[in-house]
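The values are calculated or read from the model by the stated rules, or taken from the named source; none is laboratory data. All of these numbers come straight from a predicted model, not from anything done at the bench. All Cβ positions, glycine included, derive from the backbone under ideal geometry; neighbour counts span all protein chains shown.
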Amino acid sequence: MHQIAAAQQLRERHCFINMQSILLIEKKDKKRSSLAPLLQTAGYGAEAVTDGAEGIQIMRKQTPDLVVCDMDVKGADGLGVLHVMQQEGPLQLVPFILLMDEWDPRRYREAMQLGADDVIVRPFSGAELLQTIAVRLEKRHLLLQNAAAIDPVDESDFRNVIRTFITDRNTVRLAPHEVIYREGETPRYMFYILSGKVKTVKTHEDGKDLLISLYTKGDFFGYIALLEEERYKATALAMDETELALIPRTDAEEMLSRVPLIFQKFVRMLARNLTEKENRLVGIAYDTLRKKVASALVHLRNKYHQGTGQYKVNIARDELASLAGTATESLIRTLGEFKQEKLIAIKGPVITLLEPGRLEGIAFH
């Protein structure tokens, strides 16, 4: 009764939620009743499935207003569902709430990096879930309302908006190791990677470079300095042959101010970058050498690998050492250990990840 009363109060407080659709992807468990009746009592149009892959197919046919998904569902787990949503334009801005049976810091970190809006750990009350849903839907409602008032943009066409924005821009082709901008320079452009890879590094007083961020095809970069209205705090370099679209600062500022949906996207990217950097700094400070090197290899695979086969890393050892936060000599010694354990294969500068699952186990445990 308490949960129903809470649901009714939330319904009265947030009247705009009537008939908004929620897709519920939850485990089938005889010991636990479905959450769908609670959501329906609160005034939502709730559809429940037990399979992540089925949930993805439903979303592709009709975009829901919000998704609540269990971590451990068959077909595709919660992180898999979230990953697919972040790859598909119509689903990128749909609020996503992940349900976990127990606290797992690694999975929590992965979920937030992928773009989850909230993570709720069992046991939780019905009122807690409804409150979280109401807050997320209210924020989404206000965001879309403001966007419509300023510059109508259908979120299902988000990728088309980006594509239109970068079309007919001046482009530049860069050779490997060529500098794009230097630390301390005043921003003139925001950059979009049409092909290739880019890294940003910060140089210490002793002359050593610390790798800050990695970017690949489809990524924007250089926007942090624009948002902060500051000089570049790092140097950007091409890692291999790279083509960039150049977006003048005035155009970038106009886009971010006129289209709230796109501004929110950049804020999300900034938040993920900050979370990633914080985790790396903690790892550099406290992780063992093996864990640092394994984390660097896994990070490169997650960033650049698009397929399901073995991933080959072609990166200078000093750059990999910078990413891992260790000395080059220590890195080479640890890579030798991984090779003996048949976790990786080494041929010249190329490192092949033979056992990525075991490397993840070293990196995250």
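Filtering the range 315-342 down to residues that are touching a residue at least 24 places away in the same chain (Cβ under 8 Å) and of a type in the set (A, V, I, L, M, F, W, C), which residue is nearest to Lys292 (Cα to Cα)? Within the range 315-342, the match that is nearest to Lys292 (Cα to Cα) is Ala324. Counting only helices (runs of 4 or more DSSP H) that sit wholly inside the range 24-140, those with at least 1 residues that are basic (Lys, Arg) are 52-61, 105-114. Out of Leu130, Leu98, I need the residue that is at pLDDT 90 or above and in contact with a strand residue (DSSP E or B) (Cβ under 8 Å, 6 or more places away or on another chain). Which one? Answer to the selection: Leu98. Is at least one residue of the range 241-258 assigned to a loop (DSSP other than H, G, I, E, B) and at pLDDT 85 or above? Yes, the range 241-258 has at least one match.
Once the range 212-221 is narrowed to residues that are more than 14 Å from the chain's Cα centre (by Cα) and closer than 26 Å to Glu88 by Cβ, the residue that is surrounded by the most Cβ atoms within 10 Å (Cβ to Cβ) is Phe221. Somewhere in the range 287-297, is a residue at pLDDT below 85, of a type outside the set (Ser, Thr, Tyr) and more than 24 Å from Met112 (Cα to Cα)? No: zero hits.
For the range 320-355, name all the residues that are among the β-branched types (Val, Ile, Thr) and over 17 Å from Gln310 (Cα atoms). Step through it out loud before you land on a result.
First pass over the range 320-355, keeping only residues among the β-branched types (Val, Ile, Thr): 326, 328, 332, 334, 344, 346, 350-352.
Answer for the range 320-355, where residues must be among the β-branched types (Val, Ile, Thr) and over 17 Å from Gln310 (Cα atoms): Thr326, Thr328, Ile332, Thr334.
The condition of being at pLDDT below 80 and within 26 Å of Met19 (Cβ to Cβ) holds for only one of Asp154, Asp118, that being Asp154.
Answer yes if at least one residue in the range 195-209 is of a type outside the set (Gly, Ala, Ser), in a strand (DSSP E or B) and in contact with a Gly (Cβ under 8 Å, 6 or more places away or on another chain), and no otherwise. Looking through the range 195-209, none of the residues is of a type outside the set (Gly, Ala, Ser), in a strand (DSSP E or B) and in contact with a Gly (Cβ under 8 Å, 6 or more places away or on another chain).
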